[in-house]
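Any read-out appearing in this document is the output of simple, stated calculations on the displayed coordinates, not a laboratory observation. All values derive from a computational prediction rather than experimental measurement. Positions of Cβ are generated from backbone atoms using ideal geometry, with glycine treated the same way; all protein chains shown enter the neighbour counts.
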Amino acid sequence: MHFSFVTLFPSLIEGYFSDSIMKRALQSGAITIDFSNPRDFTEDKHKKVDAPMIGGGAGMLLTPQPLTDAIRSQKTKYANAHTILLTPVGKKFTQNDALRLAKKSHIIFVSGRYEGIDERVVESEIDEVFSIGDFIVSGGELASLVLCDAIARNIKNVLGNEKSLKEESFEDYILEAPAFSKPDNFEEKSIISEFSKGNHSKITALKRELSLRKTQYFRPDLYKKVVKRHKNEK
């Protein structure tokens, strides 16, 4: 899988791939990355890439020419590029999206800045528009990294133990069960005793029950989906 990042600030993204799982994924060749900076494509003699909004409004927009050319420079490098824009007005990104997108061969992440990008670029160059939540951050770089990490984890050979994917939150709409490590007793707080008895069938059943309770408490919207699906299966 190849990930391209179209951004005014490549340095905000590069550091994330210098450690841990993403570093190992790069070293193994499971993923590859590169960058395109719209400033390198602008035809403005002052290297400007932003302009006021037509019709008024606070702030500046990324202008269409340099951004379009930066995106197209990536599309010409690899076949079947899938281009994603990160913006608060997009649909909310989910684990199902991560699983689906992990099957792509090349994803281009476009990071907005200022007040966003010219809508004509969205119409001509963008395949999907995503948001990571109902809040605002200073630019799309953080959101691009969130999506990249979530997608990359589902690519073969990225994780050291791929079995861990099957027990993570949001599989089947259910949040992951509480987990414990050694020691069994810490600051007079003990682990759930059943976890240390070695009866795997009981542990599995208990984790399922705890997952359901956790989902019902923290994400009642997901819990409703679990209940509905259970009814449909009867």
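Among residues other than residue 5 whose Cβ falls under 11 Å from its Cβ, what is the net charge (Lys/Arg +1, Asp/Glu -1)?
Neighbourhood net charge equals -3.
Once label points are set 7 Å from the Cα along Cα→Cβ at both residue 208 and residue 24, what is their separation, rounded to one decimal in nm?
So the two model labels end up 3.1 nm from each other.
With springs only between Cα atoms under 10 Å, which of 13, 54, 174 fluctuates most in a Gaussian network model of the chain?
Taking springs between Cα atoms under 10 Å, the residue moving most is 54.
The range 169-233: Rg/Rh from Cα coordinates, Kirkwood Rh?
1.06
On full extension of the chain, what length is gained from residue 129 through residue 72, given 0.36 nm per residue of separation minus the C-alpha to C-alpha distance?
18.8 nm
Kirkwood hydrodynamic radius, the chain, all distinct C-alpha pairs: what's the number in Å?
One decimal place: 20.4 Å for the Kirkwood radius.
Along the Cα-to-Cβ line of residue 32, 7 Å from the Cα, sits a label point; which residues in the range 100-118 have backbone N less than 20 Å from it?
Flagged as within label range: 102-110.
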